[in-house]
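Chemist: Below are the structure tokens for one structure; questions will follow.
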Amino acid sequence: MSPRRSVRTASVAGLTGLVAAAATMVAMHTANADEIRYEAEDSPATCDGDIESEHAGFSGSGFCNTENEEGASAGFTVAAPAGTATLGIRYANGGGGDRPADVAVNGSTVASVELADTGEWTNWATETVTVELSAGGNTIELTATDDEGLANIDYLEVTTDGPPPDETTPPDEPTDPDDPTDPPTGDELYAAPGGDDGASGTESDPTTLTSAIDRIEPGGTIYLRGGTYRLSETVHIEPGNDGLANDRTELFAYPGETPVLDFSAQSEDSSNRGIAMGGDWWHFYGIIVENAGDNGILLGGDHNIIERVVTRYNADTGLQIARYTAGAPESEWPSYNLVVSSESHDNVDSDGEDADGFAAKLTSGPGNVFRDTVAHNNIDDGWDLYTKDETGPIGEVTIKNSLAYENGTLSKGGQAGDGDRNGFKLGGEDIPVDHTVVDSIAYDNGKHGFTYNSNPGSMTITGNASIGNEERNFNFDDGSSVFRDNTSCDSGSNDRIIGDDAGGNQWWSGSDGSRCSQYDGGMDWFFDSDGALVVTFGGTQVLP
């Protein structure tokens, strides 16, 4: 990786407004193989750093320059047939030594590469590795294994023995329907609060939400007109009602309007969710889900995107990633979902101890990501990654560029019951799971800011700030987690850190360190036009 300023930014796939800049995939076909190129700068690729173009010789419009640290990664989502594939990683490394990296497919490390020195940052080389891919969408992540970070990554080229499903169109990623210059592919249906089940579903003759869900073709788009949808029963998207790996089915707010799904008619009961998602490859955008008798959204499918969504005033966790069907085996636990540019607040149950903002707990699979998300004023925790002996470890969760504040106290000032009141609660019952939390902020929560909560795993805790939490800003009493570049200010008591203090940390032990001055003044936040979360203290931007 070339020298760069130490500025943390939201990764490319976390940004919205990218329909017109959809991923560039260059396909080349021979008699025996299919070769597809995935550019590092194009959605849905991810980059733990910046997309840059200062060194000549790259393909496309730029390359991924990650942070100078172990664990920095570049990721790709690729479509392929099941079977063996050759990955060609084009990179440049002018740093004077190898930049080793692990290669993970669908969350599991399967190989390592050296990414040897190329002499100059303008000298580009390709390193190949052979892996096994599943049919349809696959996630491939390159993760640096030393503190120099990755080499600069130009693209990933995937060679297989046959064509992937509909290879001409990349998977959807966060987008901006406010500027629908490139209309979504597939059938379009329109729903409205006053729609009719038997209506045609056109813009002038809208149907109901449930009818549209039943009738939409895979890869189609449902536009929800603005207004309040008063619903008394759970809206189910059943398993098998799936989008496509390269063309998600979309449930979008109509451009410029705000649909509110109001489940006030439901009583508080564990069966009374707002939306129960069992399908795969869906994309929600721009909706509000409120007043459900349990979770606002139960996310039980795979490869879904939840973007610009608000879950509020629900009688359990606002958005929870957990299995759709009771008793479903671990192989069916929801995996590889992305929650981005979304907010969950003021969720409260009658006991005052269960309703979190966001959760991936008990029965969630690998590869789930929260990015540019905000959880505040929930009666229990901001994030809950709880595990228990009965169901065992959950999949590893990644939380990036996110904010948890004032959890344990509702927006109107109410407190109730025995809620845990943490910002980020990362485990349970002494079950090790290696989660990742980076570039996130915990502020003014009722107990701890970041807590291991009896997770003795090896978590990655990097670049976070914890300010003014009631008990401890950082509470890690066990495990081998790696801590780097974290900042703690104005803690209720001294931080507890057991694990690997890898450097750059500023813990609280009775007084503030030099970095705490940037967190003076009132906290504010907003999503910018691209969907990235921006956090300020006293008017000074601290995130990203």
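The values are calculated or read from the model by the stated rules, or taken from the named source; none is laboratory data. Please read all numbers here as calculations on a predicted model, not as lab measurements. Here the Cβ is made from the backbone with ideal geometry for all residues, glycine too, and neighbour counts use every protein chain on show.
Chemist: Are there any pairs, at least 6 apart or on different chains, whose C-beta atoms fall under 9 Å, with the first in segment 231-257 and farther than 22 Å from Asn295 by Cβ and the second in a loop (DSSP other than H, G, I, E, B) and of a type in the set (Lys, Arg), and if so, which?
Modeler: Close Cβ pairs satisfying both conditions: Tyr254/Arg225; Glu257/Arg225.
Chemist: Looking only at segment 147-186, how many residues end up being at pLDDT below 90 and part of a loop (DSSP other than H, G, I, E, B)?
Modeler: 26
Chemist: Gly357 - would you say it is buried (at least 24 other Cβ atoms within 10 Å of the Cβ), within 24 Å of Leu410 (Cβ to Cβ) and not assigned by TED's automatic domain parsing to the domain that holds Trp525?
Modeler: yes
Chemist: Quick check on segment 265-284. Is at least one of its residues within 25 Å of Tyr336 (Cβ to Cβ), touching a helix residue (DSSP H, G or I) at 6+ places or on another chain (Cβ under 8 Å) and touching a residue at least 60 places away in the same chain (Cβ under 8 Å)?
Modeler: The answer is no, given that none of the residues of segment 265-284 is within 25 Å of Tyr336 (Cβ to Cβ), touching a helix residue (DSSP H, G or I) at 6+ places or on another chain (Cβ under 8 Å) and touching a residue at least 60 places away in the same chain (Cβ under 8 Å).
Chemist: Out of the strands (runs of 3 or more DSSP E) lying entirely within segment 373-426, which hold 1 or more residues that are hydroxyl-bearing (Ser, Thr, Tyr)? Write out each step before concluding.
Modeler: Details: elements: 374-376, 397-400, 403-405.
Output list reads 397-400, 403-405.
Chemist: Does Thr210 meet the test of being of a type in the set (S, T, N, Q) and at pLDDT 95 or above?
Modeler: yes
Chemist: Consider Thr118 carefully, then state whether it is touching a residue at least 12 places away in the same chain (Cβ under 8 Å) and within 21 Å of Ser53 (Cα to Cα).
Modeler: In short, yes.
Let's see how each residue does on (1) closer than 16 Å to Gly71 by Cβ; (2) in contact with an Asp or Glu (Cβ under 8 Å, 6 or more places away or on another chain):
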residue	(1), (2)
Tyr452	no, yes
Ile461	yes, no
Phe476	no, no
Ser481	yes, yes
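Chemist: Which numbered condition trips up Lys425, out of (1) at pLDDT below 95; (2) in contact with a strand residue (DSSP E or B) (Cβ under 6 Å, 6 or more places away or on another chain); (3) not hydroxyl-bearing (Ser, Thr, Tyr)?
Modeler: (1)
Chemist: I'm trying to understand the selection: among the residues of segment 404-427, which are on the phi < 0 side of the Ramachandran plot and surrounded by fewer than 23 Cβ atoms within 10 Å (Cβ to Cβ)?
Modeler: Passing the criteria: Thr409, Leu410, Ser411, Lys412, Gly414, Gln415, Ala416, Asp418, Asp420.
Chemist: Here is a follow-up. Mind listing whichever residues of segment 81-115 are more than 17 Å from Phe63 (Cβ to Cβ), small (Gly, Ala, Ser) and touching a residue at least 40 places away in the same chain (Cβ under 8 Å)?
Modeler: Ala82, Gly83, Ala85, Gly97, Gly107, Ser108
Chemist: Looking at Thr398, Thr387, can you tell me which residue is among the hydroxyl-bearing types (Ser, Thr, Tyr), surrounded by fewer than 24 Cβ atoms within 10 Å (Cβ to Cβ) and within 17 Å of Thr451 (Cα to Cα)?
Modeler: Every option except Thr398 fails the conditions.
Chemist: Is it the case that segment 505-520 has a residue that's part of a strand (DSSP E or B) and surrounded by 18 or more Cβ atoms within 10 Å (Cβ to Cβ)?
Modeler: The answer is no, given that none of the residues of segment 505-520 is part of a strand (DSSP E or B) and surrounded by 18 or more Cβ atoms within 10 Å (Cβ to Cβ).
Chemist: Looking at segment 56-79, is at least one residue part of a loop (DSSP other than H, G, I, E, B), surrounded by fewer than 16 Cβ atoms within 10 Å (Cβ to Cβ) and either without any contact (Cβ under 8 Å) to a residue 40 or more places away in the chain or of a type outside the set (A, V, I, L, M) (or both)?
Modeler: yes
Chemist: Does segment 279-298 include one or more residues that are buried (at least 20 other Cβ atoms within 10 Å of the Cβ), modelled with pLDDT under 95 and not aliphatic (A, V, I, L, M)?
Modeler: no
Chemist: Please enumerate the residues belonging to segment 238-273 that are out of contact with any Gly (no Cβ under 6 Å at 6 or more places or on another chain), aliphatic (A, V, I, L, M) and more than 17 Å from Leu298 (Cβ to Cβ).
Modeler: If the condition is that a residue be out of contact with any Gly (no Cβ under 6 Å at 6 or more places or on another chain), aliphatic (A, V, I, L, M) and more than 17 Å from Leu298 (Cβ to Cβ), then Val260, Ala265 are the ones that fit.
Chemist: Then there is this: Which one of Asp439, Asp420 is under 19 Å from Asn377 (Cα atoms), assigned by TED's automatic domain parsing to the domain that holds Val534, in contact (Cβ under 8 Å) with a residue 60 or more places away in the chain and of a type in the set (D, E, K, R)?
Modeler: Of Asp439, Asp420, the one residue that is under 19 Å from Asn377 (Cα atoms), assigned by TED's automatic domain parsing to the domain that holds Val534, in contact (Cβ under 8 Å) with a residue 60 or more places away in the chain and of a type in the set (D, E, K, R) is Asp420.
Chemist: Evaluate the following for Ile140: is it out of contact with any His (no Cβ under 7 Å at 6 or more places or on another chain) and modelled with pLDDT of 95 or more?
Modeler: On the way: out of contact with any His (no Cβ under 7 Å at 6 or more places or on another chain): yes; modelled with pLDDT of 95 or more: no.
No, not satisfied.
Chemist: When segment 110-141 is examined, which residues are found to be within 18 Å of Glu69 (Cβ to Cβ) and either of a type in the set (Ser, Thr, Tyr) or in contact with a Cys (Cβ under 9 Å, 6 or more places away or on another chain) (or both)?
Modeler: Ser112
Chemist: Please tell me if Ser335 is more than 22 Å from Ile287 (Cβ to Cβ) and not in a loop (DSSP other than H, G, I, E, B).
Modeler: no
Chemist: If you check Asp351 against the conditions, is it more than 20 Å from Val309 (Cα to Cα) and either in the same structural domain as Arg421 (by TED's automatic domain parsing) or surrounded by fewer than 24 Cβ atoms within 10 Å (Cβ to Cβ) (or both)?
Modeler: So Asp351 passes the test.
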